[in-house]
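Take a look at the structure below.
The values are calculated or read from the model by the stated rules, or taken from the named source; none is laboratory data. Keep in mind that what you see is a predicted model, and the values were worked out from it rather than measured. Ideal geometry is used to build each Cβ from the backbone, glycine not excepted, and the neighbour counts take in all protein chains shown. When the accessible area is computed, the model is the full protein with side chains, heavy atoms only, and any ligands, DNA or RNA have been set aside. Shrake-Rupley method; radii C 1.70, N 1.55, O 1.52, S 1.80 Å.
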Amino acid sequence: MNPVIEVKNLSKWYGNVLGLNDVTLQIEPGITGLLGPNGAGKSTFLKLITGQIIPKIGTVSIKGKKVRNNYPLFREIGYCPEQDSFYEELTGKEFLLRLLSLFPYSPPEAEAKAEQALEIVELTKEKDRVIKAYSRGMRQRIKFAQAIAHDPEILVLDEPLSGLDPLGRRKIIRLIKEYQKKGKTIIVSSHILPEIEAMTKTIILIHQGKVFAQGDIHYIRDLIDTHPHIVSVKCDQPRLLAEKFIHEDFVLNVKFSPAEDSLLVETDNRDKFFSLLPSLFIENKIEVQEITSPDDNLQAVFDYLVGK
């Protein structure tokens, strides 16, 4: 599959502050999650690929075409910024119509597209209220509406779930997945990892302006074999099980839960650990109630990569 977005040696700095450092990557159709803490360089990256700012070094192309000042290409991009940027005295519908007037739509076409976008984000009832009277969640939804109103092929969403209640987040996540099914390319940034996990397994981990890893989360886990894992084993004889584990070289740490009904084992080789478990249970007649991995998620991988 040919990449939709391609960046090479992309760097951007503001005075002595480095925003992005020598990033080279490709983004294919579907949903790509851009993950990193606040100040990691996510917004700088998204502004560069949408042509809003100029890189100091490197190139950006979309569908093989340069982005900067390529105005016909902008019609194919929908951008939802992290920060609010409204004409506060306009109503939600007026705001969309003003933005749609930048495209070659007739007034009836612009009207229809504005109404459709408002319906998609469930703001039809509030379309005639001025934006300054909108709640935080409504302001976030109208930003999403302006990004999708012209039906772009590429959606660039900078923290689109910020300020939404749990129900609102689920609805936006569902919409993003629906756009993926239509074959669109979607980049979603967030500093909240479970939100991205709910949308996609294709991720870019970014920190301090650098890309730490890119790809499927399972592939990324394979890249960090030394990442320690914690496994919780709830059983009827946790102390006996602990005694058996402390002699194994692949077990880094063993401790009991506060209730002392389960064992927390830290290992640097999950394969060996799980291979040994059945024989230990059988030989020592240990009755097992539950085995879980509390750190078997994207948060653990990200924390490890950032701290590496």
Cα centroid distance between region 90-127 and region 178-205, in Å? 26
Given Lys63/Lys182; Lys42/Lys201; Lys132/Lys177; Lys255/Lys285, which pairs have Cα atoms separated by over 23 Å? Lys132/Lys177
Can you give the Rg to Rh ratio for region 21-166, taking only C-alpha atoms and Rh from Kirkwood? 0.98
How would you classify region 1-43 from its alpha-carbon gyration tensor, with a ≥ b ≥ c the square roots of the eigenvalues: rounded for a/c under 1.5, else prolate if a/b is greater than b/c, otherwise oblate? oblate
Cα-based Kirkwood hydrodynamic radius, the chain, one decimal, Å: 22.0
Could you pull out the trypsin sites (Lys or Arg not before Pro) across region 123-214 that fall in loop regions by DSSP (anything but H, G, I, E, B) with no more than 14 other Cβ atoms inside 10 Å? Arg129, Lys182
Let me know the charge dipole size of the chain about its Cα centre in debye, to the nearest 20, where only the beta-carbon of Lys, Arg (+1) and Asp, Glu (-1) is charged. 1360
Result for the chain: accessible area per residue, probe 1.4 angstrom, in square angstrom, of 52
DSSP bridge pairs, the chain: antiparallel proportion in percent, nearest 5: 65
DSSP loop GluC sites (Glu not before Pro) with at most 12 other Cβ within 10 Å: longest gap in the chain: 90-259
With a bin width of 5 angstrom, please list the P(r) values of region 116-253 as percents of all Cα-Cα pairs, from the 0 bin to the one holding the largest distance. 2, 8, 14, 16, 13, 11, 9, 7, 6, 6, 4, 3, 2, 0, 0
List the relative contact order of region 101-193 as a percent without decimals, with contacts defined as Cα pairs under 8 Å and 6+ residues apart. 27
Top positive-direction residue, dipole computed over the chain with Cβ charges, set Leu46, Val121, Tyr87: Tyr87
With the 8 Å Cα cutoff and a minimum separation of six or more residues, the chain has a relative contact order in percent of 19
Helix-only CD estimate at 222 nm, as mean residue ellipticity for the chain, using -39500 (n - 2.57) per DSSP H run (n ≥ 4): -10000 deg cm²/dmol
Given a 1.4 angstrom probe, I'd like the percentage of the accessible area of region 129-216 that is carbon and sulfur, rounded to a whole number. 49
Send over the per residue convex hull volume for region 135-185, Cα only, as a whole number of Å³. 63
Please give the peptides 154-161, 235-242 ranked by average Cβ packing (other Cβ atoms within 10 Å per residue), highest first, as a rough proxy for protection. 154-161, 235-242
